[in-house]
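Enquirer: Take a look at the following structure, please.
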Amino acid sequence: MDKFRMMFQFLQSNQESFMNGICGIMALASAQMYSAFEFSCPCMPEYNYSYGIGLLVVPPIWFFLLGFVLNNNVSVLAEEWKRPIGRRSKDPSILRYMFCSITQRSLIAPAVWVSVTLMDGKSFLCAFSINLDIEKFGNQSLVKGMSETEKMKLLARIPCKDLFENQEIRVAASRYIKCISQACGWMFLLMMTFAAFLIRAIRPCFTQAAFLKTKYWSHYIDIERKLFDETCKEHAKSFAKVCIHQYFENISGEMRNFHHHPNYDSDNEDEDKKKSDEEKLLGIRAQDDMNKVLWNWHTCKPALALKKDHTDDENNGRLNGEEWAVYYSKV
């Protein structure tokens, strides 16, 4: 359990590595799910196209949405987008950067699924078998005298080995459509790779300072939220300890008075722990005060301006200067 706890803490502290690992796992899961998926084309003209295209489109959409669900930064993005402005202005470039980062990671698993599906060619064969000109594959007597409806029913049975009688024509037609599907798969991979290359190559051509600003403050928002949650947890833990401690002290005091027992002093170690818990309360000792703090944090976050006073030793504590670290969003 200690090893799992250490691993979980490491993943929490390395959010980017954790999300990259999740994306890799989802990509492998998409390929594994396709290999384990039992493809069953209906072999009916009314449903072949819907089934084949649905298999190519619906699972990538599901993987894309799952990528958003598993990404912790989605809640950070939504919170930053919907929060009141208060003392801290919103920067649209930061929101765009966070959204693009989430979208890029979420697109990995859908891209793997589409690539594997096109390379396999089964869904493509099921969807477009009815559009074949079967006379190109020989044995024109097979469709001679058939109506258009009967011909479409015959073509719809090409993906099904057990339902199509002439195996030579079936194999030739299947290879033809799978060849087209694999060509589309390679074109899709080429387009995705080229798009990734353009993103990597074009980004340095723009203002690097603007990119660094958006990256820095997007990381700041994520880290600020984590630290706020940790501080709230520590405060809640200390609040509960002090509340329980005071409860037992009051009860024990009443019992001692009732039984006329002497009042023994607590140990120094307990006193130190009590003082430590008192300090962690940060002066907030009532439920209404804590609710007000949480409400103010949501409605009016503090401005990103840190002020630090310096004392001049030569002038006996006279105020020497002030350092300001102010964030001006001009991206």
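The values are calculated or read from the model by the stated rules, or taken from the named source; none is laboratory data. A quick note: this is a predicted structure, and the numbers were derived from the prediction, not measured. Here the Cβ positions follow ideal geometry from the backbone for every residue, glycine too, while neighbour counts run over all protein chains shown. These area figures cover heavy atoms from the full protein model, side chains too; ligands, DNA and RNA do not enter into them. Shrake-Rupley method; radii C 1.70, N 1.55, O 1.52, S 1.80 Å.
Enquirer: Within region 89-111, how many residues turn out to be out of contact with any Cys (no Cβ under 8 Å at 6 or more places or on another chain) and basic (K, R)?
Expert: So the answer is 2.
Enquirer: Ok, one more. Out of M187, M146, M152, M191, report the one residue that is buried (at least 16 other Cβ atoms within 10 Å of the Cβ) and among the aliphatic types (A, V, I, L, M).
Expert: Numbers: M187 fails: buried (at least 16 other Cβ atoms within 10 Å of the Cβ); M146 fails: buried (at least 16 other Cβ atoms within 10 Å of the Cβ); M191 fails: buried (at least 16 other Cβ atoms within 10 Å of the Cβ).
Only one candidate qualifies: M152.
Enquirer: Go through I177, I169 for me and flag whichever is open to solvent by less than 60 Å² (accessible area, probe 1.4 Å), under 25 Å from M119 (Cβ atoms), among the aliphatic types (A, V, I, L, M) and modelled with pLDDT of 90 or more.
Expert: I177
Enquirer: Look at R88 and say whether it is touching a residue at least 60 places away in the same chain (Cβ under 8 Å), within 16 Å of Y220 (Cβ to Cβ) and of a type in the set (K, R). Outline the logic, then answer.
Expert: On the way: touching a residue at least 60 places away in the same chain (Cβ under 8 Å): yes; within 16 Å of Y220 (Cβ to Cβ): yes; of a type in the set (K, R): yes.
For R88, the condition - touching a residue at least 60 places away in the same chain (Cβ under 8 Å), within 16 Å of Y220 (Cβ to Cβ) and of a type in the set (K, R) - is met.
Enquirer: Related question: Only one of E38, E79 is outside any helix (DSSP H, G or I) and open to solvent by 50 Å² or more (accessible area, probe 1.4 Å); which?
Expert: Only one candidate qualifies: E38.
Enquirer: List the number of the failed condition for S101; all other conditions in (1) in contact (Cβ under 8 Å) with a residue 24 or more places away in the chain; (2) open to solvent by less than 30 Å² (accessible area, probe 1.4 Å); (3) among the small types (G, A, S) hold.
Expert: (2)
Enquirer: Another question about this same structure. If the requirement is being under 29 Å from the mean Cα position of the chain (by Cα) and either over 25 Å from V58 (Cα atoms) or assigned to a loop (DSSP other than H, G, I, E, B) (or both), which of these qualifies: L118, L189, L154, L212?
Expert: On inspection, the qualifying residue turns out to be L212.
Enquirer: Test F124 against the criterion of being among the hydrophobic types (A, V, I, L, M, F, W, C), open to solvent by 50 Å² or more (accessible area, probe 1.4 Å) and in a helix (DSSP H, G or I), and give yes or no.
Expert: On the way: among the hydrophobic types (A, V, I, L, M, F, W, C): yes; open to solvent by 50 Å² or more (accessible area, probe 1.4 Å): no; in a helix (DSSP H, G or I): yes.
It is false that F124 is among the hydrophobic types (A, V, I, L, M, F, W, C), open to solvent by 50 Å² or more (accessible area, probe 1.4 Å) and in a helix (DSSP H, G or I).
Enquirer: Looking at (1) free of Cβ contacts under 8 Å to residues at least 40 places away in the same chain; (2) more than 28 Å from S93 (Cβ to Cβ); (3) assigned to a helix (DSSP H, G or I), can you tell me which one F239 breaks?
Expert: For F239, the failing item is (1).
Enquirer: Among (1) at pLDDT below 90; (2) over 17 Å from the mean Cα position of the chain (by Cα), there is one condition A127 misses while meeting the rest; what is its number?
Expert: It is condition (1) that A127 fails.
Enquirer: Also, quick follow-up: Please go through (1) outside any helix (DSSP H, G or I); (2) open to solvent by 30 Å² or more (accessible area, probe 1.4 Å) for V69 and return the number of the only condition it doesn't satisfy.
Expert: Of (1) outside any helix (DSSP H, G or I); (2) open to solvent by 30 Å² or more (accessible area, probe 1.4 Å), only one is false for V69: (1).
Enquirer: Within region 175-234, which residues are over 30 Å from L125 (Cβ atoms) and of a type in the set (S, T, N, Q)?
Expert: T207, Q208, T214, S218, T231
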